[in-house]
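Enquirer: For reference, the structure I am asking about is given below.
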Amino acid sequence: MKTAVPWDRFDLIVFDMDGTLYDQRRLRRRMAGLLAREAIRSRSLHVMRTLSAYRRKREAMGEVMASDFADAQYALPGHQPDRVRAIVADWMEQRPLPLLRDCRTPGAGSLFARLAERHVLAVFSDYRPEGKLTALGLSAHLCVTAEDVGRLKPDPAGLLWLIDQAKTVPARTLMIGDRDDRDGEAARRIGVQSLIRGRDFRHFREPMFRHDA
């Protein structure tokens with residue numbers, strides 16, 4: 001039996017966005033349908049291939065320094081960076097928004113509402129989370145992304161920034177994510193406790209997430 005999270009031990013609760021606050025697989029299935037229709041309409045796989053190449057590059061850039069990260073992520077062989085940026089903004093930031101609410105992780109709304117009364121809630125994501133939070137019907141006190149700090153997870157730079165902004169310490173911070181190699185590793189590097197979706201929990205309605213305080 002899973003033990004309830006000891007919420008009173010934490011001042012800052014940090015959530016990953018993609019795959020944690022919503023079902024990423026479900027969203028990608030729906031987006032795949034939109035991409036297929038776009039390919040038929042345009043008679044081209046350009047958008048699909050660009051997004052696939054972009055995701056592969058971001059995955060490989062986990063330790064890139066701040067000096068070139070923001071621009072380097074869009075530098076794909078055989079592609080114009082401005083065109084890549086536009087495709088990413090359209091297909092990864094804007095078009096998914098209307099689909100997100102139906103993909104929200106069960107229990108996320110009630111958990112956020114309860115925790116916000118006594119904790120600083122934050123989102124630490126490799127992508128901008130503000131629009132997604134609004135689409136999900138959620139709100140956080142603080143948000144930070146890879147571009148803000150110049151590093152992708154598992155570098156803990158974003159987590160350290162949130163801890164500083166919340167005026168707390170790693171021992172009183174909890175990281176909740178979906179990838180142990182990214183979210184969990186970022187937390188471990190600075191002594192933050194983590195919970196990983198798919199390993200420690202499936203959704204926020206589980207008994208371990210009750211909040212009686």
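Enquirer: Of the conditions (1) over 16 Å from the mean Cα position of the chain (by Cα); (2) at pLDDT below 90, LEU51 clears all except one; give me its number.
Expert: All conditions pass for LEU51, except number (2).
Enquirer: Follow-up question, since we're still on this one. Return a yes/no flag: does segment 76-86 have any residue that is open to solvent by less than 80 Å² (accessible area, probe 1.4 Å) and under 19 Å from the mean Cα position of the chain (by Cα). I'd like the intermediate steps shown before the answer.
Expert: First pass over segment 76-86, keeping only residues open to solvent by less than 80 Å² (accessible area, probe 1.4 Å): 76, 79, 81, 84, 86.
After this cut, where a residue has to be under 19 Å from the mean Cα position of the chain (by Cα) as well, the list is none.
No: zero hits.
Enquirer: Quick one: in segment 103-119, which of the residues that are in contact with a helix residue (DSSP H, G or I) (Cβ under 8 Å, 6 or more places away or on another chain) and open to solvent by 40 Å² or more (accessible area, probe 1.4 Å) is modelled with the highest pLDDT?
Expert: ARG104
Enquirer: Using the structure shown, decide if PHE10 is under 24 Å from the mean Cα position of the chain (by Cα) and modelled with pLDDT of 95 or more. Steps first, please.
Expert: Values: under 24 Å from the mean Cα position of the chain (by Cα): yes; modelled with pLDDT of 95 or more: yes.
So PHE10 passes the test.
Enquirer: Of the conditions (1) in contact with a Cys (Cβ under 6 Å, 6 or more places away or on another chain); (2) surrounded by fewer than 18 Cβ atoms within 10 Å (Cβ to Cβ), VAL123 fails just one. Which one is it?
Expert: (2)
Enquirer: Hey, another quick one. Going through ARG95, ARG118, ARG104, ARG114 one at a time, which residue ends up being over 29 Å from ASP8 (Cα atoms) and basic (Lys, Arg)? Spell out the reasoning first.
Expert: Details: ARG118 fails: over 29 Å from ASP8 (Cα atoms); ARG104 fails: over 29 Å from ASP8 (Cα atoms); ARG114 fails: over 29 Å from ASP8 (Cα atoms).
Result: ARG95 is the single residue among ARG95, ARG118, ARG104, ARG114 that is over 29 Å from ASP8 (Cα atoms) and basic (Lys, Arg).
Enquirer: Kindly evaluate ALA39 against the criterion of being over 18 Å from GLU93 (Cβ atoms), among the hydrophobic types (A, V, I, L, M, F, W, C), at pLDDT below 95 and surrounded by 14 or more Cβ atoms within 10 Å (Cβ to Cβ). Explain how you work it out, then say what you get.
Expert: Numbers: over 18 Å from GLU93 (Cβ atoms): yes; among the hydrophobic types (A, V, I, L, M, F, W, C): yes; at pLDDT below 95: yes; surrounded by 14 or more Cβ atoms within 10 Å (Cβ to Cβ): yes.
Yes; evaluated as a whole, the condition is true for this residue.
Enquirer: Would you please list the contacts, defined by Cβ atoms under 6 Å and residues six or more apart or on different chains, that run from a residue in segment 168-189 that is within 12 Å of ILE13 (Cβ to Cβ) to a residue that is part of a loop (DSSP other than H, G, I, E, B) and open to solvent by 30 Å² or more (accessible area, probe 1.4 Å)?
Expert: THR168/ASP11; ARG172/ASP11
Enquirer: Can you give me the number of residues within segment 128-179 that are open to solvent by 10 Å² or more (accessible area, probe 1.4 Å) and among the small types (Gly, Ala, Ser)?
Expert: Residues meeting the conditions: 8.
Enquirer: Follow-up. Can you pull out every residue in segment 180-203 that is within 13 Å of GLY19 (Cα to Cα) and open to solvent by less than 10 Å² (accessible area, probe 1.4 Å)?
Expert: Result: ASP183, ILE196, PHE201.
The values are calculated or read from the model by the stated rules, or taken from the named source; none is laboratory data. Computed from a predicted structure; not experimentally measured. Backbone-built Cβ (ideal geometry, glycine too); neighbour counts: all protein chains shown. Areas reflect the complete protein model, heavy atoms only, side chains present, ligands, DNA and RNA absent. Shrake-Rupley method; radii C 1.70, N 1.55, O 1.52, S 1.80 Å.
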